[in-house]
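Enquirer: Sharing a structure, written as structure tokens. Questions coming.
The values are calculated or read from the model by the stated rules, or taken from the named source; none is laboratory data. Worth saying up front: this structure is predicted, and the values here are computed from it rather than measured. Glycine also receives a Cβ, built like all others from the backbone with ideal geometry; neighbour counts cover every protein chain displayed.
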Amino acid sequence: MRILLTNDDGINAPGLSVLEEIAKELSDDIWIAAPEEEQSGKGRAISLTQPVRVRKVGAKAWAVAGSPSDAVLLALRDLMPDMPDLVLSGVNRGQNIAEDTSFSGTIAAAMFGMQLGVPSIALSQAQNFRERGSLSWETAKAWGARAIRPLLEMRWPKDVVMNVNFPDVEPGDVRGIQITRQGFRDEAIIHTDRREDLRGNDYYWIGYRGKLSKPDEGTDIRAIYDGYVSISPLHVDLTHEPFLKTLRETWQS
């Protein structure tokens, strides 16, 4: 099985090394194409108005001066001699759950692999649920292949991306794996921090607050809170089906 690895944290991110360890439990045919620099929060962006440069960093590895989607596109269309059987994106530094999924570069890379016809999985390691700055890569290492293997055996629809999140607990404290749906926080956690430079001009940092929400049972965010590995099937179709029916009926009347 040929596997392409990518991410949004950049070619030198520790999570990519963790992902490589996970992938080696599944195959010995590993390829890598990842952004040259961190691209967190870039979503499904592709570079349409500027050239994208590529730097070879290994026999089967490239750093791409573009977005996560750029990296996957170039790998599948130009850099690799043949299409891979699987795309793995991550392991992201921090969870990609709830509304985070809509602008995550990690998930976007997996989405682009799916769009080009390759089964794709996004993987993320939750952090900051125990203490500020905590991050247990060992949990992703221990549970990565255990989460992926059953998915490969059962397969999934061609228009679906599998989203895997590892909880912020030590490997031995993981309570198991839950199949979940995408949740939604009951309070916005993204905030802006206004500061002033030495010339008296304002500038802003955009970041996250650490406040926890109260998620429903069966959601990805609830599973991570409770110490489970979360696996959610995601797809690109953003249509709100229940209201679509109402909208059509109301429009016709």
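Enquirer: From the list 135, 86, exactly one residue is surrounded by fewer than 20 Cβ atoms within 10 Å (Cβ to Cβ), farther than 15 Å from residue 42 by Cβ and of a type in the set (A, V, I, L, M). Which is it?
Expert: Answer to the check: 135.
Enquirer: Looking at this structure, is residue 44 among the basic types (Lys, Arg) and in a loop (DSSP other than H, G, I, E, B)?
Expert: Judged against the criteria, residue 44 is a match.
Enquirer: Among the numbered conditions (1) touching a residue at least 60 places away in the same chain (Cβ under 8 Å); (2) among the acidic types (Asp, Glu); (3) not in a loop (DSSP other than H, G, I, E, B), tell me where residue 82 comes up short.
Expert: (3)
Enquirer: Further, regarding this structure: May I ask you to list the residues in the range 103-140 that are within 13 Å of residue 13 (Cβ to Cβ), of a type outside the set (A, V, I, L, M) and within 14 Å of the chain's Cα centre (by Cα)?
Expert: Hits for the range 103-140 are 105, 106, 124, 125.
Enquirer: Out of the residues in the range 81-102 that are closer than 20 Å to residue 17 by Cβ and among the hydrophobic types (A, V, I, L, M, F, W, C), which is nearest to the chain's Cα centre (by Cα)?
Expert: By that ranking, first place goes to 91.
Enquirer: Then there is this: Any residue at all in the range 144-165 that is aromatic (Phe, Trp, Tyr) and buried (at least 18 other Cβ atoms within 10 Å of the Cβ)?
Expert: Looking for residues that are aromatic (Phe, Trp, Tyr) and buried (at least 18 other Cβ atoms within 10 Å of the Cβ), one finds none in the range 144-165, hence no.
Enquirer: Additional query: Does residue 144 satisfy the criteria of being under 24 Å from residue 183 (Cβ atoms), touching a residue at least 12 places away in the same chain (Cβ under 8 Å), part of a helix (DSSP H, G or I) and in contact with a Leu (Cβ under 8 Å, 6 or more places away or on another chain)?
Expert: So residue 144 passes the test.
Enquirer: Another one. Do you know which residues across the range 166-187 are surrounded by fewer than 18 Cβ atoms within 10 Å (Cβ to Cβ) and either of a type in the set (Gly, Ala, Ser) or outside any loop (DSSP other than H, G, I, E, B) (or both)?
Expert: 171, 172, 173, 176, 177, 179, 181
Enquirer: Considering each of 105, 133 in turn, give the residue that is modelled with pLDDT under 95, closer than 22 Å to residue 17 by Cα and of a type in the set (Gly, Ala, Ser).
Expert: 133
Enquirer: Scan the range 115-122 and give yes if some residue there is at pLDDT 95 or above, touching a Ser or Thr at 6+ places or on another chain (Cβ under 6 Å), small (Gly, Ala, Ser) and not in a helix (DSSP H, G or I), otherwise no.
Expert: Looking through the range 115-122, at least one residue is at pLDDT 95 or above, touching a Ser or Thr at 6+ places or on another chain (Cβ under 6 Å), small (Gly, Ala, Ser) and not in a helix (DSSP H, G or I).
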